[in-house]
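Derivation of every value follows stated rules applied to the coordinates shown; laboratory data play no part. Just so we're clear, the structure is a prediction, and the values are computed from it rather than from any experiment. Glycine gets a Cβ as well: all are built from the backbone with ideal geometry, and neighbour counts include every protein chain shown.
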Amino acid sequence: MRTVSLPYRVDLRGIAVRGAVVHLLDAEGHLTAFDTAAPKGRVLWDLETAAGNVSAPVLGDGDRLYFSAGDGRLIAVDTARGAVIGQTRPRLRNGRLGYASLVPAPLVAGDRVFGTAPDGSVFAVDARDPASW
């Protein structure tokens, strides 16, 4: 077993792992890709998504990572580049943001990504083309 220290503290909401790369998502939507194979560990990239009260991240096919935000958005990130590649519109209840202590993680199934929102909706979007969301 090997322990690798991060260069800063993280209010961790969830992690997603692909190979030696760990994707750390904090409660305010800050996403960090961390290479655990490097001798002392190494940050590959950091991404500020401006999303609050987020779900745990979920990896999809290829270099895709998805997570939900408290305002009902589903956000897609290209993990190779560390860039947001798509997001849905906010889905608020009666035009207002309600408080949800837990935001469910999206579900990837085939060529769809399923999300839930504060307005009570469950929706699916095309995982192959996040830019079209």
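Taking all Cα-Cα distances within the chain, those exceeding 24 Å account for 27%. Toward the positive end of the charge dipole of the chain, about the Cα centre and with charges on Cβ (Lys, Arg +1; Asp, Glu -1), which of THR3, GLY14, PHE114 goes farthest? Farthest towards the positive end: THR3. In a DSSP loop and with at most 12 other Cβ atoms within 10 Å, the chymotrypsin sites (Phe, Trp or Tyr not before Pro) in segment 1-83 are TYR8.
Across the chain, C-alpha contacts under 8 Å between residues 6 or more apart give a mean separation that, scaled by the residue count, equals a relative contact order of 16 percent. Among THR32, THR116, THR49, the largest mean-square fluctuation in a Gaussian network model of the chain (Cα springs under 10 Å) belongs to THR49. Using +1 at the Cβ of each Lys and Arg and -1 at the Cβ of each Asp and Glu in the chain, identify which of PRO130, GLY70, LEU102 lies farthest towards the dipole's positive end. The Cα lying farthest towards the positive end belongs to LEU102.
Dipole size of segment 55-133 about its Cα centre, with +1 on Lys/Arg Cβ and -1 on Asp/Glu Cβ: approximately 300 debye, rounded to the nearest 20.
The charge dipole of segment 1-125, taken about its Cα centre with unit charges on the Cβ atoms of Lys, Arg (+1), Asp and Glu (-1) only, comes to about 120 debye.
Note on segment 12-133: dipole from Cβ charges, positive end direction compared against THR49, PRO90, ALA80; the farthest Cα belongs to PRO90. Here segment 1-73 is treated with +1 on each Lys and Arg Cβ and -1 on each Asp and Glu Cβ, and its dipole about the Cα centre works out to around 320 debye.
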